[in-house]
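Down below is the structure, laid out as structure tokens.
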Amino acid sequence: MSQSWKPLPDGLSEPARRLAEELRAVKDAHRISLAELGKRTYLSKASWERWLNGKRLITPQALAGMIAALDCDGELLTSLLRQAEAARDAAEGSAPVSEPMPAPVPVSEPVPVPAPLPVAVQAWPTGAPVRSAVLGRAAGWRRPSALLAAAVAVALVLAVSLYLHGLNGGTDAAAAGLPATSAEAGAAPLCQGIGCAGKDPQLMGCENDDHTLLTGNVGQVVLYLHYSPRCRAAWAGITEGAPGDTVTITNRTGWQETALIHWGYDNYSAMVDAGPADTTLRVCGHQPGGDGCLPLVTDPAARAATMAAPSPKAPSPVASVPVTESPTPSATS
């Protein structure tokens, strides 16, 4: 669907302005909403709003996702992005330098879950497995050098193309050695319950019937609790964050999955089992400005049953709720 666009910012360079206009034209030509564009590329609606309105320069990963998901002139868009990056670097007055990759988060380190939990949750077994999984999806990164950016952009286009074709079709996925997770509503998920624990909701087909049970803010950061009735599994999401921010989901047994923002401002976690009838789920966020948790959710299946079934053009209703805040943990805690 087309829409009335806001005027682009006056301070945009000419390549960045033309890139934003071309991105808008691609969206309008396919007559899709920002929410649908976000779903097809597995990025947030808020991120696409910023990129298409010229508030931020689109990342190579996001552009590769659009090129793979939609029929558009990938060569033109990639060329405009390189020109816009060059103009940005020139305006900043310094040559781009290589940035070291962030150190991986040790799996053995427990992820703090702030805020006192209700009595029922405090009774969780202390010896239950706690696993921290940081998925590698990055929402954005700075260009290390012109040559490296070109190589990475080409590689990303190929990788994302294979990945998305694997999700939406059978033969291409089989040829690429990827699992074929059909986006059709009736397609069977690739895991259920405890079998989904620690796995990616996109790759397992669990996002096809994703119900966003809760959302809330910790400062400017937005936290989400996602649940798939067919997979009987849940996962957490975070947007509007910054590198170093995390979101953690914990289930009744004490199993945890954490998403860390390495670059950009959004990410999502792997799944936890939400199959048992007495399942409870809590999502907590951590950032330098403070910590906070969404309210505890009991019986997510019953909660999802009261919500409208999600569809590609009509996102599921979201219940906005306040979060429970707690002080930032001290360095010695």
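The values are calculated or read from the model by the stated rules, or taken from the named source; none is laboratory data. Keep in mind the model is a prediction, meaning the values are calculated, not measured. Don't worry about glycine lacking a Cβ; one is built from the backbone with ideal geometry, like all the others, and counts go over all protein chains shown. Please note that ligands, DNA and RNA were not included when accessible areas were found on the heavy atoms of the full protein model with its side chains. Shrake-Rupley method; radii C 1.70, N 1.55, O 1.52, S 1.80 Å.
Cβ-Cβ contacts under 8 Å between residues 6 or more apart (or on different chains), taken from a first residue in the stretch 56-79 that is closer than 11 Å to Glu22 by Cβ to a second residue that is part of a helix (DSSP H, G or I) and among the polar types (S, T, N, Q), are listed as Leu63/Thr78; Met66/Thr41. If the condition is being closer than 18 Å to Thr59 by Cα and more than 24 Å from the chain's Cα centre (by Cα), then the stretch 10-21 contributes Leu12, Ser13, Glu14, Pro15, Ala16, Arg17, Arg18, Glu21. Given the criteria of a type outside the set (D, E, K, R), assigned to a helix (DSSP H, G or I), touching a helix residue (DSSP H, G or I) at 6+ places or on another chain (Cβ under 7 Å) and under 26 Å from Tyr268 (Cβ atoms), does Ala35 qualify? Spelling it out, Ala35 is indeed of a type outside the set (D, E, K, R), assigned to a helix (DSSP H, G or I), touching a helix residue (DSSP H, G or I) at 6+ places or on another chain (Cβ under 7 Å) and under 26 Å from Tyr268 (Cβ atoms).
Of all residues in the stretch 1-28, those being in a helix (DSSP H, G or I) and either touching a residue at least 24 places away in the same chain (Cβ under 8 Å) or among the charged types (D, E, K, R) (or both) number 14.
The set of residues from the stretch 206-244 being on the phi > 0 side of the Ramachandran plot and touching a helix residue (DSSP H, G or I) at 6+ places or on another chain (Cβ under 8 Å) comprises Arg232, Glu240. Scan the stretch 13-26 and give yes if some residue there is at pLDDT below 90 and crowded, with 17+ Cβ neighbours inside 10 Å, otherwise no. No, the stretch 13-26 contains no residue that is at pLDDT below 90 and crowded, with 17+ Cβ neighbours inside 10 Å.
Gly264 meets each of the listed conditions (1) open to solvent by 10 Å² or more (accessible area, probe 1.4 Å); (2) assigned to a strand (DSSP E or B) apart from (2). Within the stretch 257-268, residues that are modelled with pLDDT under 90 have Cβ atoms under 7 Å from residues that are of a type in the set (Val, Ile, Thr) in these pairs: Gly264/Thr59; Tyr265/Thr239, counting only partners at least 6 apart in sequence or on another chain. Scanning for something modelled with pLDDT of 90 or more, open to solvent by less than 10 Å² (accessible area, probe 1.4 Å) and assigned to a loop (DSSP other than H, G, I, E, B), does the stretch 294-308 turn up at least one residue? Yes. Flag set for His286, criterion: more than 24 Å from Ala35 (Cα to Cα), at pLDDT below 90 and open to solvent by 40 Å² or more (accessible area, probe 1.4 Å).
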